[in-house]
Amino acid sequence: MTFNSAEEKRSYVNEMFGRIAQRYDLMNKIMTAGQDARWRKLVIKAANLPSQGRLLDIATGTGDIAFEALRLHPDLSLAVGADFTLPMMQVGQSRNKGLPVRWSAADTLYLPFPDAHFDAVVSGFLLRNVVNVRQALLEQTRVCRSGGRVVILEIPRPADTLFGSLFKLYFHRVVPVVGGIISGQKDAYSYLPASADAFLRPDELKTEMERVGLGNARYRMLMMNTVALHTGEK
Ligand SMILES: C[S@@+](CC[C@H](N)C(=O)[O-])C[C@H]1O[C@@H](n2cnc3c(N)ncnc32)[C@H](O)[C@@H]1O
C-alpha cells in the first residue's frame with residue numbers, strides 16, 4: 001500500500017481506524033493470541049510511574065493501555081488517553097470499566113499539553129502510522145518531564161531471517177483474510193503488514209530516540225521477535 005503524500009496517509013489512517021473501531025479489540029486478541037494484554041502490562045511497568053504520577057497514553061485507541069495503567073497504579077493523579085480518531089475513543093469510553101481516564105482529541109505531531117507535563121509518555125502501535133516519526137518523538141519527549149520515560153510498543157520491520165519470512169507470510173496472507181472476515185475491512189488488515197514493512201527496525205528506532213535526546217534508549221523483543229518494546233529517559 002503506497003500513499004502519494006503525507007496528508008493522504010494521515011487521512012487514510014484516521015478514517016480507517018474509525019471504520020474498524022468496533023472490532024479493533026476483538027481482532028487484536030485473535031491476531032496476537034491474547035498476548036496483547038500482557039504487552040500492555042509490560043508497557044506500564046517500563047514507564048516506571050511514581051506515586052501520584054501523571055501518564056499520557058498517546059494514540060490510546062480504545063484506551064487499553066491507559067486502563068491498564070490505572071489498574072496497576074490506582075493512585076495516578078492523571079491518566080490521559082489521547083488519539084486523533086474519535087470513534088476509537090468512543091468505543092473505549094463505552095467500555096470504560098469505571099476507570100478515570102481523561103480522554104483527549106489530539107494529533108501526536110502537535111500535542112496539546114505543556115512542556116514536561118507527564119512523568120511518562122507511552123504509546124502502543126502508533127509510530128508505524130505517523131507521517132513523521134522524528135516529530136512524534138520530539139513531541140513525546142517535550143511533554144515528558146526531565147527524568148521521566150518515553151515507552152513505545154510497536155511492530156518493527158520484520159527481520160531478514162527464516163522466522164521473519166514466516167511471520168511476513170502470516171501477516172500478509174492470513175491477517176488480511178481474518179481481519180476482513182471479522183471487521184469487514186480487509187484493506188485495514190492489508191495496511192497493517194504493509195506499514196510494518198515500511199517501518200524502522202528496532203535498532204533504527206533506538207537511534208531515532210537517541211537523536212531526540214532520550215537517554216539510556218533500549219529495547220526488548222517480544223512474541224518471537226515480532227514486537228518491540230522501546231524505553232528511553234528524558
Ligand atoms: C493500532 S491503534 C493502537 C491503539 C492502542 N494504543 C492499542 O495499543 O491498542 C493505533 C492508534 O493510533 C492512532 N493514531 C494514528 N496516528 C495518530 C496521530 N497522528 N495522532 C494521534 N493518534 C494517532 C489511531 O487513531 C489508532 O487509534
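The table below lists the values:
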item: Per-residue Cβ neighbour rank within 10 angstrom, fewest leading, Arg145, Arg102; result: Arg102, Arg145
item: Helical segments meeting 15 Å axial Cα length and Kyte-Doolittle -1.0 threshold in the chain (DSSP H); result: 6-31, 36-47, 186-197
item: Spatial separation of Cα centroids for the range 97-119 and the range 36-61, in angstrom; result: 13
item: Surrounding net charge for Val101, when Lys and Arg each add one and Asp and Glu each subtract one, Cβ distance under 14 Å; result: +2
item: Whole-Å distance, taken between Cα centres, linking the range 146-166 and the range 168-226; result: 7
item: Relative contact order for the chain, counting Cα pairs under 8 Å that sit 6 or more residues apart, in percent; result: 19
item: The range 50-117 - charge dipole about Cα centre, Lys and Arg +1 at Cβ, Asp and Glu -1, debye rounded to 20; result: 240
item: Modelled FRET efficiency - R0 30 Å, Ser146 with Asp203, Cβ distances, 0.05 increments; result: 0.70
item: Val174/Glu7 FRET efficiency (R0 30 Å; Cβ-Cβ; nearest 0.05); result: 0.45
item: Antiparallel bridge percentage (DSSP; both residues within the chain; nearest 5); result: 40
item: Around Arg19: net Lys/Arg minus Asp/Glu count, Cβ-Cβ under 14 Å; result: 0
item: Entries of Lys97/Lys206; Lys41/Lys206; Lys45/Lys168; Lys29/Lys234; Lys97/Lys168 with Cα pairs more than 31 Å apart; result: Lys97/Lys206; Lys29/Lys234; Lys97/Lys168
item: The range 73-219 shape via C-alpha gyration tensor axes, a/c threshold 1.5; result: oblate
item: Charge dipole of the chain about the Cα centre (unit charges at C-beta), most positive-ward option of Ile182, Gly18, Cys144; result: Ile182
item: Linear extension gain, Asn132 paired with Arg38, 0.36 nm per residue minus alpha-carbon span; result: 31.0 nm
item: Within the range 14-159: Cβ-based charge dipole about Cα centre, in debye rounded to nearest 20 (Lys, Arg +1; Asp, Glu -1); result: 320
item: Estimated inter-spin distance, Leu99 and Ile181, nm [label 7 Å along Cα→Cβ]; result: 3.0
item: Max mean-square fluctuation residue, GNM over the chain, Cα-Cα springs under 10 Å, options Ala196, Ala59, Ala82; result: Ala196
item: Mean separation of Cα contacts under 8 Å (6+ apart) over length of the range 7-141, as relative contact order %; result: 28
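Values quoted throughout were computed directly from the atomic coordinates according to the rules given, and no laboratory measurement underlies them. Here the structure is a predicted model, which means the values were calculated and not measured. In this analysis, Cβ positions are derived from the backbone assuming ideal geometry, glycine residues included, and neighbour counts consider all displayed protein chains.
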